[in-house]
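Just so it is clear, none of the values below were taken in a lab; they were calculated from the coordinates. Nothing here was measured: the structure is a model prediction, and the numbers come from that model. Note that we place each Cβ from the backbone using ideal geometry, even for glycine, and neighbour counts take in every protein chain shown.
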Amino acid sequence: MNMHYMRAICAGLCLSVLAACGGGPISLTGRVLDQKGAPVAKAEVFTEPETDVVMTNNRGFFTLRQRLNDSGEAEAIKSGDYKIKVRKFGFNDAAFAVKIQGGPTKVPDLVLSPRTPDINETAPDPTLEKVFQNDDMSTPVQGN
């Protein structure tokens, strides 16, 4: 048999085994709800060790797919133990432990408890976006 043909067969078998065992790109998905079961939109979700930081959508869902390495380049999330942290003004901060072993990982619903803000506390500044005209992309810029 042709050597290239054998390599292609081996590569295909390896990918099939990885897919069956939960291999492939790692992602972490979940949903943030309040104590009444309503979705919490625009909650900030991040992890330790650090991955990307995302906001929940209007239905409370989030997906974490990558992290930035020390050179500032995006790379895949690695297997291991993570702490998911969720933050939203008007709610107590929450943290949840999760073990990622490979492939897509779905976490149970994350429930936030409401909190009455202190009288001297102000809401965090919204994240402003600087819009670039050339390619219709934007980059977040920190508020004042």
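Figures for the structure shown
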item	result
Selection from segment 94-118 of residues that are in contact with a strand residue (DSSP E or B) (Cβ under 7 Å, 6 or more places away or on another chain), assigned to a loop (DSSP other than H, G, I, E, B) and not basic (K, R)	V107, D109, S113
Output for segment 59-79, where each listed residue is closer than 16 Å to V98 by Cβ and hydroxyl-bearing (S, T, Y)	T63, S79
Among residues of segment 54-110, those that are without any contact (Cβ under 8 Å) to a residue 24 or more places away in the chain and buried (at least 16 other Cβ atoms within 10 Å of the Cβ), counted	3
Single residue of segment 40-53 satisfying the filter (touching a strand residue (DSSP E or B) at 6+ places or on another chain (Cβ under 6 Å) and either more than 14 Å from I84 (Cα to Cα) or aromatic (F, W, Y) (or both)) that is surrounded by the fewest Cβ atoms within 10 Å (Cβ to Cβ)	K42
